[in-house]
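Before any comments, here is the structure.
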Amino acid sequence: MATYRPDHPNPAARRPRPAVLLMLAFFALQLLIFLTFRAVRPAPAPASSSSASAAVAAAEPARRDDNGSSCGGGLVYVYDLPAAFNEDLLALCDALSPMYSLCPYLANGGLGLPAEGTNLSSLLPRELVGSWYASDQFALEHILHRRLLSHRCRTADPARAAAFFVPFYAGLAVGRHLWAPNATGADRDRDCAALLEWLHARPWYRRSRGWDHFIALGRITWDFRRATDEAWGGSFLTMPGVANVTRLVIERDPWDDMDVGVPYPTGFHPRAADDVRAWQRYVARRTRPRLFAFAGAPRSAIKGDFRALLLEECQAAGADACGALDCAEGRCIRNNALVMELFMGARFCLQPRGDSFTRRSLFDCMVAGAIPVLFWRRSAYAQYSWYLPAGEGREEEWSVFIDRDKLRARNLTVRGVLAAIPEPRVRLMRERVVEMIPRLVYAAADGGDGLGGGMEDAVDVMVDGMLRRAAEQRPRWRTT
């Protein structure tokens, strides 16, 4: 049975009004446009890796540190250690070395006493004297700690950190016992063992078991790898609980991937990028009358001492071609001006191995704008991968390698090898060395931006490298 619906009293009301029709048409059109574009959206054109990276950078806001500076790789937390592990060791500066007091060299946040008024100041442009100090080659721990405390990528909140720095002055802690006549292995290990006990109780260490932690060692790695109680050095790097911690060290063990080689401190600690550029111009334009130079002390007690052979090579080349400096009895440590003057007057500087495979002299040479000549690949090429390009011929851009066995056999001479290098290539090599200087030095700048102007110093390179390393290792500590 059909339902009866009476007509509306006003027949016109049953017809849609024009306004309603227009509104319905408008919404129908919008829906049609939306569905059409959704269905036929074109595929994006392939992008280059650089443009893709730029797109990601634009889409994702850069991470910021506490001061608002960009730190895309993450932030670094600096532990506030008990004073016994750093500041109290500095207070013992008179007793840390039997040869001389370290107090002058550990002043000014580890930079040492200013060069103003010393022999070194007479070699420098007046406007750059304030960027030079009497720095000790083993002062890395103090220098790095000072810089990181004001670094743009530091955070005071460990929950925000991607990497954790442990400011333990292990080189000073172990070094003060190395020459003590009655010191035992337990003496050399005591501070290191206490530090690890403290560190292992921290929740951030326990979370990762140390994979995102790093420490600076101001002495060579072998000073921390004692195998027996009677052997040299401490056993810090063989202790349980330190195996996963990255070590920034002035000489690394090539067979230990947790060691990362970093530059020895030199006397140049620029305050700003302009200081670096002024120094680069100065060393690039400096007249260099000698072909090569060598600074070092012969080891008469060592049979076939290679340094003695190099001194003979220098003497044979003549004073016009080669300058030599005998560094016996700490002469070059006490007066680094002699070394810098020598290297700034030569195009090449000879860099044999020292008491170990590396020497501070390599970095003095390059900061002076001279080209290093190497005889052991472990002296640089297998040491400082974050700083000195090596492999696939890249080391030839900034250095010369001479086969030491051929030199010993008198099948070649240093002068012969270096004099045969075409002058245009020498000029390019020197330009490359000068270009590398900023990344090889530790800035004196205390501000968050470091040198500024987009220029990175050695600490900036360390921070970038450690943040990359922490990110690479994160899957490892989350699954093991």
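Each residue of region 420-436 in turn: what ³J(HN,Hα) in whole Hz from Karplus with 6.51, -1.76, 1.60 and θ = phi - 60°, glycine and Pro shown as x?
Per-residue couplings from phi come out as 7, 6, x, 4, x, 6, 4, 4, 5, 5, 5, 4, 5, 4, 4, 4, 7 Hz.
Net charge around residue 246, counting only other residues with Cβ within less than 12 Å of its Cβ (Lys, Arg = +1; Asp, Glu = -1)? All intermediate terms of the calculation are to be shown ahead of the outcome.
Working: positive: 247, 252, 468, 469; negative: 212, 256, 257, 259, 472.
So the environment of residue 246 carries a net charge of -1.
Under a 5 Å amide H to amide H cut-off, with H placed in plane at 1.01 Å, what residues pair with residue 115 once short-range neighbours are removed?
Result for residue 115 returns 132, 133, 134.
Starting from the residue with the highest accessible area, list 141, 392, 435 in decreasing order, probe 1.4 Å.
392, 435, 141
Under a 5 Å amide H to amide H cut-off, with H placed in plane at 1.01 Å, what residues pair with residue 348 once short-range neighbours are removed?
For residue 348, whose amide H was placed from the backbone, the distant partners under 5 Å are 292, 293, 371.
Can you give the percent of C-alpha pairs in region 300-408 whose distance is more than 19 Å?
Counting every Cα pair in region 300-408, those more than 19 Å apart make up 45 percent.
Which whole-number percentage describes the relative contact order of region 273-342, with Cα contacts under 8 Å and a sequence gap of 6 or more?
In percent, rounded to a whole number, it is 32.
Where does the charge balance sit around residue 379 when Lys and Arg score +1, Asp and Glu -1, over other residues with C-beta under 10 Å from its C-beta?
Residues near residue 379 contribute +3 overall.
Taking the Cα centroid of region 115-188 and of region 229-288, what is the distance between the two, rounded to the nearest whole Å?
10 Å
Of 356, 284, 262, which is farthest on the positive side of the dipole of region 213-372, counting Cα position, with +1 on Lys and Arg Cβ, -1 on Asp and Glu Cβ, and the Cα centre as origin?
Going by the Cα projections, it comes out as 284.
Under the Karplus relation 6.51 cos²θ - 1.76 cosθ + 1.60, θ = phi - 60°, what is the ordered set of whole-Hz ³J(HN,Hα) values for region 376-389, x standing for Gly and Pro?
3J(HN,Hα) across region 376-389, in whole Hz: 10, 5, 6, 6, 8, 4, 9, 10, 10, 5, 6, 10, 10, x.
With no solvent and one equal point scatterer placed on each C-alpha of region 422-478, evaluate the Debye formula and give log10 I(q)/I(0) for q = 0.23 Å⁻¹, two decimals.
-0.88
Test of the criteria: in region 408-458, which trypsin sites (Lys or Arg not before Pro) are in a DSSP loop and have at most 16 other Cβ atoms within 10 angstrom of their Cβ?
Listed in order of number, the matching sites are 410.
Loop only per DSSP, at most 16 neighbouring Cβ atoms within 10 Å: give me the trypsin sites (Lys or Arg not before Pro) in region 203-268, ordered by residue number.
Within region 203-268, the qualifying trypsin sites (Lys or Arg not before Pro) (loop, at most 16 other Cβ atoms within 10 Å) are 209.
Can you compute the modelled spin-label distance between residue 300 and residue 88, with each label point 7 Å from Cα toward Cβ, in nm?
Each label point lies 7 Å from its Cα, and together they span 4.4 nm.
Whole-Hz ³J(HN,Hα) for each residue in region 279-296, computed from phi via Karplus 6.51 cos²θ - 1.76 cosθ + 1.60 with θ = phi - 60°, x for glycine and proline: what do you get?
3J(HN,Hα) across region 279-296, in whole Hz: 5, 4, 5, 5, 6, 5, 8, 5, 5, 10, x, 9, 6, 8, 8, 9, 10, x.
So what are region 86-141's ellipsoid semi-axes, whole angstrom, largest first, if each one is the square root of 5 times an eigenvalue of the alpha-carbon gyration tensor? Don't skip to the answer; put the middle values down first.
Numbers: eigenvalues 119, 26, 12 Å².
Taking √(5λ) for each eigenvalue gives 24, 11, 8 Å, largest first.
Projected onto the charge dipole of region 277-440 (+1 at Lys/Arg Cβ, -1 at Asp/Glu Cβ, origin at the Cα centre), which of 342, 433, 400 gives the Cα projection farthest towards the positive end?
Working it through, the farthest residue towards the positive pole turns out to be 433.
Can you compute the modelled spin-label distance between residue 122 and residue 182, with each label point 7 Å from Cα toward Cβ, in nm?
Rounded to a tenth, the inter-label distance reads 4.6 nm.
The values are calculated or read from the model by the stated rules, or taken from the named source; none is laboratory data. Computed from a predicted structure; not experimentally measured. Here Cβ is always computed from backbone atoms with ideal geometry, including for glycine, and neighbour counts include all displayed protein chains. Heavy atoms of the whole protein, side chains included, go into the accessibility calculation; ligands, DNA and RNA do not. Shrake-Rupley method; radii C 1.70, N 1.55, O 1.52, S 1.80 Å.
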